[in-house]
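Bear in mind that the values in this text are calculations on the coordinates, not laboratory data. Because the structure is predicted, anything quoted here is derived from the model rather than measured. We place every Cβ from the backbone using ideal geometry, glycine too, and count neighbours over all the protein chains shown.
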Amino acid sequence: MLAKKRDKDNQTNVKRDKKAKIISIQEATYMLIETKGYGNVTIRDIAEAAGVSIGLIYKYFPGGKFDILKEISSRYTGELLMTEKPENINFNDFPGYIRNVISNILQYAKDNSFLAKALILSALLDGEIMEEYKKMDKMDFEYKKHKAASEFFCRFNGVEIGDKDPLEVFTDWGIMVDGIIFYTIYSPNFIKSEESLTDLMVDLSLKIWGYQAP
């Protein structure tokens, strides 16, 4: 019994140590990108700031900076999409829900503009977003999270995507959102006001999800 308890304690300590190192890597990446800019940050810089080896970073994040950024961003997915408290959602009001989601995303991009720029730049430099989704393992946490979110969208009355894969529609929608945010960050005059930007993104979102008023 004592040996089993020690084994269990050792496994717990390993998990805690792994989690601590991952958090350290993410926080170092966040801090470096904020101070130096995405293009000036190397994996060696991150390793030194996080106090880990370069090999360990690639062990946890095979895709390098892009993978680290995706995981940092994914922390807020549930909060931005409001999927964590479905009891507070009116599934008869998809337009209202989408407007709230777009407002959340725009505020997040505004509050973390340097991170939004880094995510967009990393997607452009390190590979297409769609390809990243296609390469996701079906047992991977990231895949499951996005699939769950796509199915959440399909629960709304009026959403009609026919025989399309919800995850593919969700991916198309995400690319649209990222694309417009890209233009607003690098071309501030692209949209006259935040209200018109929100209206545009809501309108496009409803079209992508095939919304038809019940």
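So the values come out like this:
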{"item": "Virtual spin-label span in nm between residue 196 and residue 168, 7 Å along Cα→Cβ", "result": "3.5 nm"}
{"item": "In order through region 35-51: 3J(HN,Hα) via Karplus (6.51 cos²θ - 1.76 cosθ + 1.60), integer Hz, x for Gly, Pro", "result": "8, 10, x, 3, x, 9, 9, 10, 4, 4, 4, 5, 4, 5, 5, 8, x"}
{"item": "Footprinting exposure proxy for 184, 77 (fewest neighbouring C-beta atoms within 10 Å first)", "result": "77, 184"}
{"item": "With eigenvalues of the C-alpha gyration tensor scaled by 5 and rooted, region 6-115, Å", "result": "32, 22, 9"}
{"item": "Ranked 58, 30, criterion: other C-beta atoms within 10 Å, fewest first", "result": "58, 30"}
{"item": "Backbone HN-Hα couplings from phi across region 81-90 [Karplus 6.51/-1.76/1.60, Hz, Gly and Pro as x]", "result": "8, 6, 7, 7, 10, x, 5, 9, 9, 9"}
{"item": "Exposure proxy ranking, count of Cβ atoms within 10 Å, fewest first, for 150, 103", "result": "103, 150"}
